[in-house]
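A short write-up of the structure that comes next.
The values are calculated or read from the model by the stated rules, or taken from the named source; none is laboratory data. None of the values given here were measured: they were computed from a predicted structure. Because the Cβ atoms are built from the backbone with ideal geometry, glycine has one as well, and the counts that use them run over all protein chains shown.
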Amino acid sequence: MNKKQLIDKTRAYVKETLKGAEGGHDWFHIERVYNNAKLIAKAEDVDLFVVELGALLHDIADSKFYDGDESIGPKKAASFLKGIKVPTDIIEHIVNIIIHVSFKSGLESDSTVRFNSIELQVIQDADRLDAIGAIGIARAFNYGGFKNRSLFDPEIAPKLNQDKETYKKSKAPTINHFYEKLLLLKDKMNTQTGKRIAEKRHAFMEQFLKEFYDEWNGKI
């Protein structure tokens, strides 16, 4: 198969695999990240084939839906890519992207030896852009509802500077998630395109939070 056929095969596999997934981590999330990644890649010197495959497979088995097991996603991606005969070096690159793309992977205490590539940076920015702005807000509350979490509790303060395990185990109200992750993402963007888009989406979240607190406190 040529590269286009491999991409098409991967799209079909991901779409089928994520059928019925939680709304913030379903096929439409993948499609948005895929489109964001291609947009960002236009201004970067990247292997577009790796970017496309990596974006499509980055959340093929998000650990939060597998009792925290972070090995399932990389294994599923590698198995699928081997099955369609993608070259070994590309599979290894994509597996490393899946392992390192998430926000929580950057919270590990021992991060002295970490994988990095421009393709990872592009996909990471694309994924983070989908976690902020209007869609990021919608995804946060959708997942909070999925986990039956409260919207906000003034008595539960956000926990800043969490380590990876504390972050993974958090059951805090959804509003806390803005301070523990979403509002931090603007300053963690890798590419100039990602930074530019993030500025607007970040400002929208700040405006949303102001309105949220005004309504919560009965201000007109």
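Restricting attention to the stretch 44-95, the residues being of a type in the set (Lys, Arg) and closer than 26 Å to TYR167 by Cβ number 3.
Within the bounds of the stretch 38-49, is there any residue that is modelled with pLDDT under 95, crowded, with 16+ Cβ neighbours inside 10 Å and in a loop (DSSP other than H, G, I, E, B)? Scanning the stretch 38-49, I find no residue that is modelled with pLDDT under 95, crowded, with 16+ Cβ neighbours inside 10 Å and in a loop (DSSP other than H, G, I, E, B), so the answer is no.
Selection of the stretch 19-37 for residues being in a loop (DSSP other than H, G, I, E, B), within 25 Å of THR193 (Cα to Cα) and among the acidic types (Asp, Glu) yields only ASP26. I want to confirm something. Restricting to the stretch 185-220 and keeping residues that are farther than 15 Å from ASN36 by Cα, touching a residue at least 12 places away in the same chain (Cβ under 8 Å) and of a type in the set (A, V, I, L, M), which single residue is surrounded by the fewest Cβ atoms within 10 Å (Cβ to Cβ)? Step by step, filter the stretch 185-220, then rank; the result is LEU209.
Closer than 24 Å to ASP62 by Cα, within 16 Å of the chain's Cα centre (by Cα) and crowded, with 20+ Cβ neighbours inside 10 Å: does that describe ILE132? Answer is yes for this residue. The criterion of at least 3 residues that are closer than 13 Å to ARG128 by Cα is met, among helices (runs of 4 or more DSSP H) falling completely within the stretch 154-220, by 192-216.
When GLU70, GLU16 are checked against the criterion of being under 30 Å from LYS169 (Cα atoms), of a type in the set (Asp, Glu) and in a helix (DSSP H, G or I), a single residue qualifies: GLU16. Scanning the stretch 164-179 for residues that are at pLDDT 95 or above and not hydrophobic (A, V, I, L, M, F, W, C) gives PRO173, THR174, ASN176, HIS177, TYR179.
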